[in-house]
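Since the structure comes first, as structure tokens, the remarks are kept for the end.
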Amino acid sequence: MMRMSILILLTLSSFVSSVLAADDGAKIRLTPGAAPASAELVALLAEKDRQLFDAVFGCKLDLLATLVADDFEFIHDKWGQTADSGARFLDAMRENCKGQQTGQNFRARRELVEGSMTVHVLNNFGAMQMGEHRFYALQPGSPDRLTEDGRFIDVWRQIDGEWKLARVISYDHRLAE
């Protein structure tokens with residue numbers, strides 16, 4: 001029994017040694033990440049961000065339609081996946097705007113926290129924009145009221161020469177005190 005154990009151990013040791021020896025000559029190929037985002041790309045996505053929230057909270061659905069991709073997805077920490085296509089997102093925004101007109105929903109605005117936005121190139125795909133934002137309730141005759149803040153990750157793709165919002169993850173929402 002002892003001889004059998006030693007034989008198995010020697011065979012296993014020989015096998016491991018031969019595998020390790022074969023790997024000694026393997027070439028290590030490392031690929032660097034994408035280059036940093038250019039100042040022009042950062043400025044472009046900052047402007048797209050401004051247009052996006054102007055369209056969302058200003059009920060400018062025609063403008064909004066030009067900003068989102070057909071395969072748009074929106075995932076929110078409070079409600080999960082709220083849209084799985086650009087068309088469904090536009091439908092939800094249309095309903096929200098109707099709710100504002102009837103007084104069922106309050107009007108709001110979004111503010112990007114200054115200095116929080118970063119942009120990262122996603123080679124052969126687009127760019128990821130990340131940052132922090134604050135949301136305010138707008139009520140006639142009253143100052144804007146901070147309701148919450150949170151973080152976001154937006155993935156933008158260049159489709160037919162236009163930058164379109166493809167994915168949104170909105171998370172870490174905290175109610176204002």
What are the ³J(HN,Hα) couplings of the stretch 131-139, residue after residue, when phi is run through the Karplus curve with 6.51, -1.76, 1.60 and θ = phi - 60°? Round to Hz, x for glycine and proline.
x, 10, 9, 10, 10, 10, 8, 10, 10
Suppose R0 equals 25 Å. What FRET efficiency, 1/(1 + (r/R0)^6) with r the Cβ-Cβ distance, do residue 102 and residue 153 give to the nearest 0.05?
0.15
How high is the relative contact order of the stretch 53-177, in percent, counting Cα pairs under 8 Å that sit 6 or more residues apart?
24
The answer for the per residue Cα convex hull volume of the stretch 39-175, in Å³, is 114
Proximal lysine pairs in the chain, meaning Cα under 17 Å and 8 or more positions apart or interchain, come to 4
Tell me, what ³J(HN,Hα) does each residue in the stretch 121-128 have, in order and in whole Hz, if you take phi through Karplus 6.51 cos²θ - 1.76 cosθ + 1.60 with θ = phi - 60° and put x for Gly and Pro?
6, 10, 3, 6, 9, x, 8, 10
Report, in degrees rounded to the nearest 10, the 0 to 90 angle that the Cα long axis of helix 86-102 makes with the longest principal axis of the chain.
30
I'd like to know which of 129, 97, 117 lies farthest towards the positive end of the charge dipole of the stretch 80-136, counting +1 on Cβ of Lys and Arg and -1 on Cβ of Asp and Glu.
97
With only Lys, Arg, Asp and Glu charged, each at its Cβ (+1 for the first two, -1 for the last two), find how big the charge dipole of the chain is about the Cα centre; round to the nearest 20 debye.
300
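Read-outs throughout are calculated quantities, based only on the coordinates presented, and are distinct from any laboratory measurement. Note that the structure is predicted; figures quoted are calculated from it, not measured. We place every Cβ from the backbone using ideal geometry, glycine too, and count neighbours over all the protein chains shown.
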